[in-house]
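Everything below concerns the one structure shown next.
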Amino acid sequence: MAKTQFTFREKLRYRFENTLSKGPIAIIAWLGVISALIVIIAATILMLTGINPTDSELSYPEALWQSLMRAMDAGTVAGDMTWPVRIIMFCVTLGGIFIIGSLIGTLTSALESSIDNMRKGRSRVIESNHTLILGWSPKIFTIISELLIANANQKKARIVILADREKVDMEDEINAKFPDTKTTKIICRSGSPLDLNDLEVVNPNEARSVIIISPEEVNNPDTFVIKSILALTNNPNRRKDRFHIVAELRDEENLEAAELVSNNGEASLVLSSDLIARVTAQTCRQSGLSVVYTELLDFDGAEIYFKKEKALTGKTYKYATNSYEDSAIIGIMRKDESVILNPQMDTVLEDGDTLIAISEDDDTIILSQRTPPAPDKDAIRHDVISPTGKERTLMLGWNEKGAAIVRELDNYVEAGSEVLVICNDERIEPVVAALSLELKKQDIRFVKGKTTERAVIDAHHVTEFDHVILLCAQDMDIQEADAEVLISLLHLRNIADTTGKDFAIVSEMRDIRNRALADVAKADDFIVSDKLVSLMMSQLAENKHLEKVFHYLFSANGAEVYLKPIADYVRTGRQMNFYTLLEAAAERGETAIGYRIASQKEQADKAYGVVVNPKKSASVSFSDEDKIIVLATA
C-alpha cells in the first residue's frame, strides 16, 4: 500500500493546529512569537536603512526597544517626525494592535473558561476531617440542619457534598434554606458517587464520616447506595483505616448485599421502610412516643451520648442513674463495645465501661457534686398495673410499609386484637389476605373505600377503635398523597372533637413541609418518613456506636421506650422530684427518662407535653392522666 504524501503546508498546518489545541497557553505563546518577529523585523529594517526615530545614536538594542514601544502603545507613533519612520512604525503599531487585542480576547476566554469550570464543581477538595454526603434528595436538608447544630461548638467544621447535579443549583438551594451556616462551611461538587475519579475530587480518605443518601428519582435506589459503598470500601486507593459510612436502604431484600460490600461493618445501614414501620407501630399504641423519638434523634435538645466515668467504676447501674442532675443514664456500653440498655439495677460498672446518657450536649454530662435527695417513699406505689385488653386498630390507606407495621403490631397487642384496613386500591385485598395467615394475635380484614370521604370513615365507627394509622397512598405524587392524609386527619380530629372521644392517631407524611399543617390539625403524633430517617443518619454519622442503641430502641426485643400511666408508679396530686420517679421505676426494673403532661398534649410549643431528661431536683405535681416515660422490656 502506497504511503500517503503530504505537502509541507499541510504538515505545517497540522502541527500548528495541534499546538493550538493545547489551550490558551499555546495561543499566548504564538502571539508572543509573532510579536517578537514583528519587533525584530522592524528593528532590523531601521538598522539596515539607517532610519533613526530618535535624536540619539541608534544601536540595535535601541531599535528593538523603539519597535517594542510602538507595538505596545499606539500613541507612541504620534511622536514620529519623518514619513519613513512613520510608515515603518505604523506597521509595527498596527501589528501590535491586532496582537494585543487577540491576547486580551484569549485571556478573557481563558478566565471565563476557568470560572465556568469552577462553577461546575470539578476542582479537588483539600479539606480533612469533614462530613461527606454522597447523593441528593430532599432528606439532605434535614441532614444538613442537624449537622449544623452538631457542629455549633466546632470552629471550622466542613460539610462536603458530591451529587450528580450542577454545583450552582445545589449551592442556591442550600443558601435559600440555610442563609447562615455559622461555624460550618458547605462545599458542593458535581459528579457521580459511583465514579472513582469523581470520588477522588471530594477526598473521601480524609473524611470523618460519609453519608450516602438514597436518591429519589431512580427505579432501584438501593443499587445506587450499594455501588457507592463499594466505590469507597473496594477502591484501590482507599485509606488503610476503616471508613465510617452511614447509608440508607429502602428494600430489606437488598440488606444482605449491602452488608457484603460494607467490608465487615464499615457501613451502618439504615433500612428506612423498616424504621418507619417499627416507629409507626410503637407510636400508634402510645400517644406522644413519636415526640420522644424525635427529641432523641435530633440535635436540637436532648440526645444520646457516651461518657466514660471512672469515678463510678465499681458502682451499680442504679447508683449511676441517680448521680447526674441534668443527664439521664439509660444503659452501659461494655469494654468490648456491646450495648445493654436498661440493665438490671444491681449491674456493676466495670473498668473500661462507658455510660450511655441522654443529655443536652456531650459536655453537660457532669457528675452531681452533692448527694441526691432521698426519694419520697410514701409517694411510690407498688404492684399497680393498669389492665390492657384487646386492641382495635384502623388503618386508612396502604403502602409498602403497611405489612411491616401490622407485623410489628403483632409483637405488642393482646391475642384477639383486630386491624381494619380501608383503602381505595383493590390490589391490596390479596396482600391483606396473605398477611392474615402470618399474624398470631390479630385478625385483619380489608374494606374498599376512599379514605378522604367522611361518609366512609363514619360508616366504620372510628370512635370504636383504639388506634388510627394514616398512611400515604402508594403510586401517587408526594404532595397529593400528603394532601389526602391531611384531609383524613381533619375528618378524624373533627370526629374526636364532636364526640369527645380521644383516640390515638399516627399520620405518615412524606414531605416535612406539611408538618405545620399537621400541627394545625392538632396532630400530636405524626411520622414524617424522610425526617426520621435523616435524623437517624445524622446521629449515626456523628457516633457509630449509636447503631446498637437504636437497634435496641426500635426493636420488639429488649428495652424500648414506653409511656405508662404515672398513677401506676406514684401517688398523684402531690409535689415530688424526678428522683422519686427514678426510684419508682427502678423498683420495677425500669429506667425513667421523662414524663408527659396530659394537659399540654395539644400544645406544639410545649412539645405536646413531653419532657425528656428533666432536671431531677425540680418539683412537679402530676395528675392521673399524665404519663411516665421509661425504658422497659414490656
Problem set entry | Of all residues making up segment 144-163, the number that are closer than 16 Å to PRO179 by Cα and either surrounded by fewer than 18 Cβ atoms within 10 Å (Cβ to Cβ) or of a type in the set (Val, Ile, Thr) (or both) | 4
Problem set entry | Qualifying residue in segment 181-200 (condition: touching a Leu at 6+ places or on another chain (Cβ under 6 Å) and assigned to a helix (DSSP H, G or I)) | no
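For every residue, the table says whether it meets (1) buried (at least 22 other Cβ atoms within 10 Å of the Cβ); (2) under 16 Å from ALA374 (Cβ atoms); (3) modelled with pLDDT of 95 or more.
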residue	(1), (2), (3)
TYR552	no, no, no
SER555	no, no, no
LYS564	no, no, no
LEU581	yes, yes, yes
GLY594	yes, no, yes
ALA598	no, no, no
GLU602	no, no, no
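So which residues in segment 604-634 are assigned to a helix (DSSP H, G or I) and over 15 Å from LEU289 (Cβ atoms), if there are any at all? Give the derivation first.
Applying the first criterion (assigned to a helix (DSSP H, G or I)) to segment 604-634 yields 604-609.
Answer for segment 604-634, where residues must be assigned to a helix (DSSP H, G or I) and over 15 Å from LEU289 (Cβ atoms): ALA604, ASP605, LYS606.
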Problem set entry | Filtered residues of segment 349-403 (kept if hydrophobic (A, V, I, L, M, F, W, C), over 16 Å from GLU583 (Cβ atoms) and either without any contact (Cβ under 8 Å) to a residue 12 or more places away in the chain or touching a Ser or Thr at 6+ places or on another chain (Cβ under 6 Å) (or both)) | LEU349, ALA357, ILE365, LEU367, LEU396
For this session: Would you mind telling me which numbered condition in (1) over 18 Å from the mean Cα position of the chain (by Cα); (2) in a helix (DSSP H, G or I) VAL218 fails?
Result: (2)
Seminar exercise, completed: Over segment 152-170, the set of residues over 17 Å from ARG124 (Cα atoms), touching a Lys or Arg at 6+ places or on another chain (Cβ under 9 Å) and modelled with pLDDT under 90 is ALA152, LYS156
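For segment 239-323, list the helices (runs of 4 or more DSSP H) that sit wholly inside it and hold at least 2 residues that are crowded, with 20+ Cβ neighbours inside 10 Å; which are they? Even if it seems obvious, please write down each step before you answer.
On the way: elements: 255-261, 272-285, 289-297, 317-321.
Those helices (runs of 4 or more DSSP H) span 272-285, 289-297, 317-321.
Working only within segment 227-246, note down all residues that are hydroxyl-bearing (Ser, Thr, Tyr) and either at pLDDT below 90 or within 19 Å of the chain's Cα centre (by Cα) (or both).
To start, the set of residues in segment 227-246 that are hydroxyl-bearing (Ser, Thr, Tyr) comprises 228, 233.
Passing the criteria: only SER228.
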Exercise. Can you spot a residue in segment 558-575 that is part of a helix (DSSP H, G or I), at positive phi, under 29 Å from the mean Cα position of the chain (by Cα) and in contact (Cβ under 8 Å) with a residue 40 or more places away in the chain?
Worked result: no
Problem set entry | Selection count where residues are out of contact with any Phe, Trp or Tyr (no Cβ under 8 Å at 6 or more places or on another chain) and closer than 21 Å to LYS401 by Cβ, scope segment 458-484 | 13
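Residues in segment 441-487 that are closer than 24 Å to LYS501 by Cβ, among the aliphatic types (A, V, I, L, M) and in contact (Cβ under 8 Å) with a residue 40 or more places away in the chain: how many?
Let us first name the residues in segment 441-487 that are closer than 24 Å to LYS501 by Cβ, namely 442-445, 447, 449-471, 484-487.
Add one more test, that the residue is among the aliphatic types (A, V, I, L, M), and what stays is 444, 447, 455-457, 459, 462, 468-471, 485-487.
Retained after the next criterion (residues that are in contact (Cβ under 8 Å) with a residue 40 or more places away in the chain): 457, 462, 468-471, 485.
Adding up the residues that qualify gives 7.
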Exercise. Hey, any hits in segment 350-364 for a residue that's of a type outside the set (Lys, Arg), modelled with pLDDT of 95 or more, in contact with a His (Cβ under 9 Å, 6 or more places away or on another chain) and outside the structural domain of ASP502 (by TED's automatic domain parsing)?
Worked result: yes
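The values are calculated or read from the model by the stated rules, or taken from the named source; none is laboratory data. All figures in this text were calculated on a predicted structure; none of them were measured in a lab. Cβ atoms come from the backbone with ideal geometry, glycine included; neighbour counts cover every protein chain shown.
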